Structures are given as structure tokens and as C-alpha cells.
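Let me give you the structure first, and then I'll get to my questions.
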Amino acid sequence: RNIDVLVGTRLLAYQFNLPPVSLVGILFPEEILMHGDFRSGQKTYQEIIKMMRFADSSGEGEVIIQTDQPKHYCIRSAAEHDYNSFYQKELEYRKLLRYPPFSVMAEIVFQGDNLRTLAREMRKFISSVKANSNEIEVLGPALAPISRLKRKFRIQVILKTEKKKILDAVLSESLKKVKSKLSIKLYE
């Protein structure tokens, strides 16, 4: 207990050898909610819970959450340590919007030196997806959240369907013609 004040970013949440503290301040946790990710509520809840564990559990530790959205379900549930409430609300939203676990999604990110070439190849890929199945919803294309990485342009498209077999078959067929470097993330 030689440290009077410790200031850090969310990366502190991943430190497991820090001693308990008497005050934890969590600033602007809703920033994570602004990311274009269907899991942003889940990530916000998890980050708040991770930071709260630094508070002294003997009853003397205090947690202050400074937020513009104190009534948001994931912030309120985390502050109240109410996992069941968070889980039910998150599941309700995912069901309404047909996000996993009520669907299967794949995020495909094309990378390359020339944005026009990438866009052309992405359009061909999307046409192939649509030609191979009418049961897949196509979200995008759009610039990836990190639109340039290591001097490479990045474009993404998200495919969403109810059946993994359909997604697998369409991806297998449509990716045969792709020449760009790409990455694929599957969400079930």
C-alpha cells in the first residue's frame, strides 16, 4: 500500500496482482457502446465488472461510475451486480434484432492496396452471395472500423442467417473467386 493514487486506462482491468483500493472511478464507460458491434453492451458490462473488482471488498471500497447514460441497462446492471437482469435484457435485444445466438453471422474483411479494386471485388463477392442464397442478409459493405491498417485499405461486409449450413455453403462457394487478402470472423 505504498501507492496513493493510481490512474490508468481499461488495460488496468487485466492486471491481477494489484492490491485492493479504497476508490475506483470508472469514467465514460458508454464509450464502448458507441462501437458498431452487436456485443458492445456485453463488453461494456464486462469492463465495468472487471474494474469494480479492484474496490476493497471489506466494505470500505467505493466505486464511482461517471456516465451520461446511467439508466442504460448494461451500466445499471453492472453497477448493481445484477447479471440476471443484464442477461435477460441483452437476450431480448439480440432476439429482436436476430443476432447470435438467434442467428449465425460472418464478418468478412477485405484488405488491399487499392480501394477501388477492393470495392469492385467486394461487389462481386456480394453478388455471388446473393446468387447462391436468398436466406442470407447482407449488411454492408462499409469501411472497416479500422479502415487502414499497415497501409492497407480495409472493407467489411457482414452476412447473417438462421442456419450455419447455409452460411458455410455460401461462403465456400463465394470465396473461391476472391483474390484479395481477407479475414473472416464467425459469430454463432
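Nothing in this text is a laboratory measurement; each read-out follows from the coordinates by a stated rule. What you see is a predicted model, and the numbers here were worked out from it, not measured in a lab. Cβ coordinates were reconstructed from backbone atoms using ideal geometry, including for glycine residues, and neighbour counts include every protein chain displayed.
Among SER40, VAL24, PHE54, which residue has its Cα positioned farthest towards the positive end of the charge dipole of the stretch 18-67, with +1 placed on the Cβ of Lys and Arg, -1 on the Cβ of Asp and Glu, and the dipole taken about the Cα centre?
Working it through, the farthest residue towards the positive pole turns out to be SER40.
Let me ask another. Mind putting a number on the dipole of the stretch 19-83 about its Cα centre? Charges go on the C-beta only, +1 for Lys and Arg and -1 for Asp and Glu, and I need it in Debye to the nearest 20. Walk me through the numbers on the way to the answer.
Values: 6 positive and 10 negative charges, 42 e Å.
Dipole about the Cα centre, nearest 20: 200 debye.
Related question: Quick one: length gained pulling ALA131 to GLN42 fully straight, 0.36 nm per residue minus the C-alpha distance?
28.6 nm
Sticking with this structure for a sec: With only Lys, Arg, Asp and Glu charged, each at its Cβ (+1 for the first two, -1 for the last two), find how big the charge dipole of the stretch 32-188 is about the Cα centre; round to the nearest 20 debye. Please list the in-between numbers first.
Working: 29 positive and 19 negative charges, 273 e Å.
Result for the stretch 32-188 is approximately 1320 debye, rounded to the nearest 20.
At a threshold of 8 angstrom on Cα-Cα distance, excluding pairs fewer than six apart, so keeping six or more, what relative contact order does the chain reach in percent? All intermediate terms of the calculation are to be shown ahead of the outcome.
Numbers: 265 pairs, mean separation 37.3, N = 188.
Averaging sequence separation for qualifying contacts and normalising by length gives 20 percent for the chain.
Just one of (i) 19.2; (ii) 24.2; (iii) 20.6 is Kirkwood radius over Cα pairs in Å as worked out from the coordinates here. Which one is it?
(i)
Moving on. Using helices alone, what [θ] at 222 nm do you get for the chain, with -39,500 (n - 2.57) per DSSP H run of 4 or more residues, divided over all residues and rounded to the nearest 500? Don't jump to the answer; show the numbers that get you there.
On the way: 5 runs with 64 residues, N = 188.
Helix contribution divided over all residues of the chain: -10500 deg cm²/dmol.
Reported to two decimal places, what Rg/Rh ratio describes the stretch 58-134 when computed on Cα atoms with Rh from the Kirkwood expression? Spell out each step's value before the answer.
Details: Rg = 21.0 Å, Rh = 16.9 Å.
Checking Rg against Rh, the ratio lands at 1.24.
Also, I was wondering about something else. Hey, what did the stretch 87-183 get for relative contact order, percent, Cα under 8 Å, at least 6 apart?
On the way: 137 pairs, mean separation 36.5, N = 97.
Computed over the stretch 87-183, the figure is 38 percent.
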